[in-house]
Amino acid sequence: MDTTIIAIGLGLGMLAALATGIWVAVALFAVALAAVVLLVSVPAGTVLATTVWGASNSWDLTALPMFIWMGEILFRSRLSEDMFEGLSPWMRNLPGRLLHVNILGCGIFAAVSGSSAATTATIGKMSLPELKKRGYDERMAIGTLAGSGTLGLLIPPSIILIVYGAATEQSIARLFIAGVVPGIMLCALFMGYVAIWSVLNRSKMPPKEDPIPLWERIKATRRLFPVMVLIIGVVGSIYAGLAAPTEAAAVGVLLSLLLSWAAGTLNAKTFSQALMGATRTSCMIAFILAGAAFMTVAMGFTGIPRQLAEWIGSLNLTPYELLAALTIFFVVLGCFLDGISVVVLTTSVILPMIEQAGLDLIWFGIYLVIVVEMSQITPPVGFNLFVLQGMTGHNIFKVARMALPFFLLMVVAVALVVEFPQLALWLPHNMMAH
């Protein structure tokens, strides 16, 4: 049978399965099993068993449930309140004032969470009521939170970077390090936009508050000390080469339990809720990864990835043209699937093209995560939009309009990372060299 017809048939089968509302992992298993049974002469049961075991038996993936558990513990702590109180005194003199707390708060929490939705929810539950009470423009308050919440996908420890690293057999430590500079760049773009907007829209800004003496600001900064200890303990140990991501994740869980206990938020109820939340999320991701691995093997047997790569090569696309097409493809796909599903669904097909184009796979992981970040604030299935819809009561399309400027800033970030690959590669190359 013609490979093109097979590819179209599998694609339509996948879309039909997802349209029924079944779990993404079940859809992957069903379509892959149909492909193996109907199109190739190999024992489907043996292939399924060995593939699922191989996908599950990965040391890199052991970091995943630990980082998720760490984020769940911190989500139930007073961390967001401490960050707001510690950051806000220093933001009052900047153009945009406390709107910057959303951006920096999300950036800091992203460094200890790894989840976009958890970052948005944790910072939003503290900052949105405070900003509303002080008279800040609601559109900007929600927009900054929607855009900055996506930093949880990029700034390490990122769950989606662990998934990408496991799926492509790339170093998770290198991916973590590669995400630092682009993450800081995105924070700077967001803060620059807020500053310019506030200067041009002075009427929408609340009256200036009384200045806070330097000593009071320094005292307030002490509330950032616990989260800084956590960041240094987790991310710093990876950067310094003292711990692998899995070991650092275990340290992170221990430190987050100690911080939660010291803050008085750790009890039997919060502990069990955090543990069950982490278990559910980890099982969901592991199930999707196993299904994606089986789909990858099934696609390999049909020869679709190889022929697709050859076809793309015959078009003689420049790397820029290929990346422009992939950006549109990923954003559209992200309108209907969550970020992890986008990564695991497309890796097996996209990777041969990327390798043929001569693109660095570490760099491509960072590019992919930024594009997936964009899809987190695009309707109808932008997860950050769902979180904010629940928090604010606005419909998802209104929240998406508020987030639009930050979506466009992410487009700028993608263009910068494409034009200047060293933004993602300089730090891992230099740190790993030493």
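The values are calculated or read from the model by the stated rules, or taken from the named source; none is laboratory data. On a predicted model such as this, the values are computed, not experimentally measured, just so you know. Here the Cβ is made from the backbone with ideal geometry for all residues, glycine too, and neighbour counts use every protein chain on show. Note: accessible area is taken over every heavy atom of the protein model, side chains too, but ligands, DNA and RNA are not part of it. Shrake-Rupley method; radii C 1.70, N 1.55, O 1.52, S 1.80 Å.
Computed values, structure above
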quantity: Square roots of 5 times each gyration tensor eigenvalue, C-alpha, segment 182-252, largest first, Å; calculated: 35, 20, 8
quantity: Anchor residue 132: lysines whose Cα lies under 21 Å away (excluding residues fewer than 8 positions away in-chain); calculated: 204, 208, 398
quantity: Listed peptides 390-403, 280-293 by packing density, highest first (mean Cβ within 10 Å); calculated: 280-293, 390-403
quantity: Sorted peptide list for 266-277, 211-222, criterion being average Cβ within 10 angstrom, highest first; calculated: 266-277, 211-222
quantity: Fully extended contour minus Cα-Cα distance, from residue 420 to residue 210, at 0.36 nm per residue; calculated: 71.4 nm
quantity: Computed Kirkwood radius, in angstrom, where 1/r is averaged over Cα pairs of segment 174-327; calculated: 21.6
quantity: Rg/Rh ratio calculated on Cα atoms of segment 19-135 (Kirkwood radius); calculated: 1.25
quantity: Two-decimal Rg/Rh across segment 15-82, once Rg and the Kirkwood Rh are taken from alpha-carbon atoms; calculated: 1.21
quantity: Cα shape, the chain, gyration tensor, a/c 1.5 rule; calculated: prolate
quantity: About the Cα centre, charge dipole magnitude for segment 1-124 (Lys/Arg +1, Asp/Glu -1 at Cβ), debye; calculated: 260
quantity: For the chain, calculated [θ]222 nm from helices alone, where every DSSP H run of n ≥ 4 adds -39500 (n - 2.57); calculated: -25000 deg cm²/dmol
quantity: Lys/Arg +1, Asp/Glu -1 at C-beta; the chain dipole; positive extreme among 335, 252, 237; calculated: 252
quantity: Cα gyration tensor shape for segment 94-178, rounded if a/c is under 1.5, else prolate or oblate; calculated: prolate
quantity: Protein accessible area in segment 54-164, 1.4 Å probe - carbon and sulfur %; calculated: 58
quantity: Cα-derived Rg to Rh of segment 231-298, Kirkwood definition; calculated: 1.13
quantity: The chain, accessible area per residue, ligands and nucleic acids excluded (1.4 Å, Å²); calculated: 43
quantity: Burial order of peptide ranges 361-369, 134-142 (average beta-carbon count within 10 Å, highest first); calculated: 361-369, 134-142
quantity: Longest to shortest principal axis, alpha-carbon extents of segment 129-244, angstrom; calculated: 52, 32, 22
quantity: Rounded, prolate or oblate (a/c below 1.5 giving rounded, otherwise prolate when a/b exceeds b/c) for segment 1-53 by Cα gyration tensor; calculated: oblate
quantity: Degrees separating the helix 180-200 axis from the principal Cα axis of the chain, which is the longest one; calculated: 50
quantity: Cα centre as origin, Lys/Arg/Asp/Glu Cβ charges: segment 209-349 dipole, Debye; calculated: 440
quantity: Cleavage-rule hits, trypsin sites (Lys or Arg not before Pro), segment 17-116, DSSP coil, Cβ neighbours within 10 Å at most 16; calculated: 92
quantity: Highest-MSF residue in the chain out of 349, 180, 42 [GNM, Cα springs under 10 Å]; calculated: 42
quantity: Segment 234-298-segment 100-164 distance, computed between alpha-carbon centres (Å); calculated: 19
quantity: Cα-based helix-to-principal-axis angle, 159-168 vs the chain, degrees rounded to 10; calculated: 20
quantity: Largest to smallest principal axis extent of the C-alpha atoms in segment 319-431, angstrom; calculated: 46, 27, 26
quantity: Residues residue 412 and residue 320, FRET efficiency given R0 of 22 Å [Cβ-Cβ distance, rounded to 0.05]; calculated: 0.90
quantity: For the chain, size of Cβ-based charge dipole, Lys and Arg +1, Asp and Glu -1, in debye; calculated: 1480
